[in-house]
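Derivation of every value follows stated rules applied to the coordinates shown; laboratory data play no part. Only a predicted model underlies this, so the values are computations on that prediction, with no experimental measurement involved. All Cβ positions, glycine included, derive from the backbone under ideal geometry; neighbour counts span all protein chains shown.
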Amino acid sequence: MSGNWDRAAASFRGDLAEAVPTDTLRALHRIVPWRHALVVVRQLVVLAVAVAVILRWGDLFYVWIPASIAIGFVVFDFTVLVHEVVHEVVVADRKSIWHRVLGHAYALPSGLSFGQFRRWHLDHHAELGTSDQDPKRAYLTPKRVERWFKALYFTPALFPIYFRAARKAAADYEPALRRRIAWERRAAIGFHLALAAALGLTLGPALMLKLHVLPVFFVFPVAFTVNRLGQHYDVTPDDPAGWGTLMRPSPWLWDRVFLWSNYHLEHHYFPRVPMYHLPALHRALRPFFETRGLRTRTYGGLLFDWLVRNRAPHTRWGE
């Protein structure tokens with residue numbers, strides 16, 4: 001890794017230090033394990049309620065469809081929890097076994113390999129701003145700026161697209177890591193096959209579809225792709241401080257739906273700030289954003305620019 005982001009960010013680190021006082025920044029970096037646990041419990045409650053609703057009123061489409069959507073977003077949010085593990089902000093001890101155990105547990109619902117996600121994501125942080133070494137941009141970003149091709153990312157086609165990108169990224173990994181990734185991926189596939197079989201045999205194909213197939217293969221891709229639009233697609237190429245998309249705070253919707261992962265630009269500035277402190281970090285950084293001329297975006301506006309105006313990724317999308 002070349003460390004492109006660290007070199008580029010050096011140009012504005014001093015301005016960040018002026019914008020956020022040391023005491024404030026120290027408080028924002030404080031890891032509060034019970035807050036992480038509370039988020040996990042909330043997700044499990046949402047999952048349990050959605051499952052119970054489908055089991056009770058599974059024949060009413062206006063009831064089970066929202067419940068299936070909720071399950072799909074819960075599945076996506078486990079990738080956000082994996083992300084917290086990758087940055088070792090679940091418990092204060094960075095070497096704690098909890099980071100490894102929870103990383104594998106959180107990765108299962110979405111079928112991820114924890115080993116690959118960790119390497120992929122840390123490489124992304126190190127090489128942000130490059131077109132060939134940042135794995136997200138090099139392998140996962142749509143290379144064809146065509147609406148029909150972009151639309152594939154909102155469908156089950158996302159899975160072969162993602163796994164193809166992951167395979168390309170893993171080609172240069174050390175053999176031990178590649179073997180570990182293969183085993184983790186087999187375990188994840190086995191988990192989902194076993195879950196689908198168990199649901200189908202005990203509850204029947206219709207409920208299996210509503211509880212597992214639709215949430216995982218149809219809702220998850222939508223959640224994943226919408227979330228990713230708010231990361232690095234509308235950027236300021238000539239200013240490293242704007243190499244991420246600045247999202248408008250949404251405390252009653254997207255903060256809850258995406259577990260604060262919508263504050264992605266702030267996360268790149270300070271990657272070891274836990275997810276539950278990111279709204280406060282955003283508020284502290286507002287003078288910095290104004291000084292740099294960074295404007296906030298909404299997911300609705302990004303979707304319009306992406307699909308209707310057919311904007312190219314990693315460029316300035318304009319007003």
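Packing-based ranking of 164-170, 74-80 yields 74-80, 164-170, ordered from highest to lowest mean Cβ neighbour count within 10 Å. Note on K210: no lysines have a C-alpha under 24 Å away, same-chain residues under 8 apart excluded. Measuring from centroid to centroid over Cα atoms, what is the spacing of region 175-247 and region 1-50 in Å? The two parts, judged by their Cα centres, are 22 Å apart. Residue separation of K95 and R295 scaled by 0.36 nm, minus their Cα-Cα distance, works out to 68.2 nm of gained length.
Couplings 3J(HN,Hα) of region 87-104, computed from phi: 8, 6, 10, 7, 10, 5, 7, 5, 9, 4, 5, 4, 5, 6, 5, 5, x, 5 Hz, in residue order, whole Hz [Karplus 6.51 cos²θ - 1.76 cosθ + 1.60, θ = phi - 60°; x for Gly and Pro]. Contact order for the chain, expressed relative to its length and based on alpha carbon pairs under 8 Å spaced 6+ residues apart, stands at 24 percent. In summary, region 43-83 shows an alpha-carbon radius of gyration equal to 1.21 times the 2.2 N^0.38 Å reference for compact globular proteins.
The calculated 222 nm mean residue ellipticity attributable to helices in the chain amounts to -18500 deg cm²/dmol, summing -39500 (n - 2.57) over DSSP H runs of n ≥ 4 and dividing by all residues.
Arrange the peptides 259-269, 60-70, 308-318 so that the one whose residues have, on average, the most other Cβ atoms within 10 Å appears first.
In decreasing order of mean packing, 259-269, 60-70, 308-318 become 259-269, 60-70, 308-318.
Under 16 Å from a point placed 7 Å out from the Cα of V32 along the Cα-to-Cβ direction: which residues of region 267-283 have their backbone N that close? Within reach of a label on V32, which here means backbone N under 16 Å from a point 7 Å along Cα→Cβ, region 267-283 contributes 273-283. Can you work out D for region 212-284 in µm² s⁻¹ from Stokes-Einstein, where Rh is the Kirkwood radius over C-alpha pairs, the temperature is 25 °C and the viscosity is 0.890 mPa s? In µm²/s, the coefficient is 187.
With all pairs of different C-alpha atoms in the average, the Kirkwood value for the hydrodynamic radius of region 94-139 is 11.6 Å. To the nearest ten degrees, helix 175-203 and the longest principal axis of the Cα atoms of the chain are 40 degrees apart. Convex hull of alpha carbon positions in the chain: directionally averaged projected area 16.7 nm².
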